[in-house]
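The values are calculated or read from the model by the stated rules, or taken from the named source; none is laboratory data. Given the structure is predicted, the values throughout are model-derived calculations rather than measurements. Here the Cβ positions follow ideal geometry from the backbone for every residue, glycine too, while neighbour counts run over all protein chains shown. Please note that ligands, DNA and RNA were not included when accessible areas were found on the heavy atoms of the full protein model with its side chains. Shrake-Rupley method; radii C 1.70, N 1.55, O 1.52, S 1.80 Å.
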Amino acid sequence: MECVFGLVGDGFALIAADMSAVHSILVHKTNEDKVMLLDSHKLLGASGEGGDRVQFTEYIQKNVHLYQFRNGIPLTTAAAANFTRGELATALRKNPYSVNVLLAGYDKDIGPSLYYIDYIATLHKIEKGAFGYGSYFSLAMMDRHYHPGMSLEEAVDLADKCIMEIRSRLVIAPPNFVIKIVDKDGARLHAWRETVKDTDVQAA
């Protein structure tokens, strides 16, 4: 019942994702951050099998950092998206990753952008997108309410509408979500949307 969705607004891009780590009928934790800071001006939101998701996103993050260390300049958002797509395509016929990715970034000369990359290495530049079971509802809400050039307040309000729809419509809905944005000032956490807080339980 995972969900990650994103959109591009006026001078920024936003990615939101659920925070549940599940396996079969078990919920292992509800504070898993599935939106990685790829570098100072890029976000990588991922859904898929837990092990594949963590391994692949960390692999992409470290290689993006390695490129910057070697060359002294960061990858553009488009270059990072094409690199990510290339790694998924290479793995597809060897040991495929069960991972779907939304990559958002901000470039000085281009502005904000959002890329859709699925587990079979399909790459598209998009204005709005989503993965997971929650995508049925978040895409419907974005089709109805999204418009180019949204302000940050409008985009966060739309993200909240998507989250409420997912929580009310899915049989097993993830309770917690994280919202992150990237703009000219960098990539950063914007808000949590929590209904369940994890507590440490010690054995007596």
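In this structure, does Gln55 turn out to be at negative phi and either open to solvent by 50 Å² or more (accessible area, probe 1.4 Å) or part of a strand (DSSP E or B) (or both)?
Answer is yes for this residue.
With the requirement that a residue be of a type in the set (A, V, I, L, M, F, W, C) and over 25 Å from His41 (Cβ atoms), what does the range 164-184 give you?
Answer for the range 164-184, where residues must be of a type in the set (A, V, I, L, M, F, W, C) and over 25 Å from His41 (Cβ atoms): Met164, Ile166, Leu170, Val171, Ile172, Ala173.
Do we have any residue at all in the range 117-137 that's β-branched (Val, Ile, Thr) and touching a Pro at 6+ places or on another chain (Cβ under 9 Å)? Within the range 117-137, one or more residues are β-branched (Val, Ile, Thr) and touching a Pro at 6+ places or on another chain (Cβ under 9 Å). Answer with yes or no whether Tyr97 is over 13 Å from the mean Cα position of the chain (by Cα), open to solvent by 30 Å² or more (accessible area, probe 1.4 Å) and either closer than 16 Å to Gly45 by Cβ or hydroxyl-bearing (Ser, Thr, Tyr) (or both). When the stated conditions are applied, Tyr97 passes them. Among the residues making up the range 13-23, those that are of a type outside the set (Gly, Ala, Ser) and open to solvent by 10 Å² or more (accessible area, probe 1.4 Å) are Val22, His23. When Met141 is tested against the conditions (1) assigned to a loop (DSSP other than H, G, I, E, B); (2) buried (at least 18 other Cβ atoms within 10 Å of the Cβ), the lone failure is (1). Looking at the structure I just gave you, is Leu88 more than 14 Å from Ala16 (Cα to Cα), part of a loop (DSSP other than H, G, I, E, B) and either of a type outside the set (A, V, I, L, M) or more than 14 Å from the chain's Cα centre (by Cα) (or both)? No; evaluated as a whole, the condition is false for this residue. Counting the residues of the range 112-137 that are open to solvent by 20 Å² or more (accessible area, probe 1.4 Å), outside any strand (DSSP E or B) and of a type in the set (Ser, Thr, Tyr) gives 4. Considering Ala187, Ala155, Ala159, which residue is of a type outside the set (Phe, Trp, Tyr), buried (at least 17 other Cβ atoms within 10 Å of the Cβ) and under 18 Å from Ser47 (Cβ atoms)? Going through Ala187, Ala155, Ala159 in turn, the sole match is Ala159.
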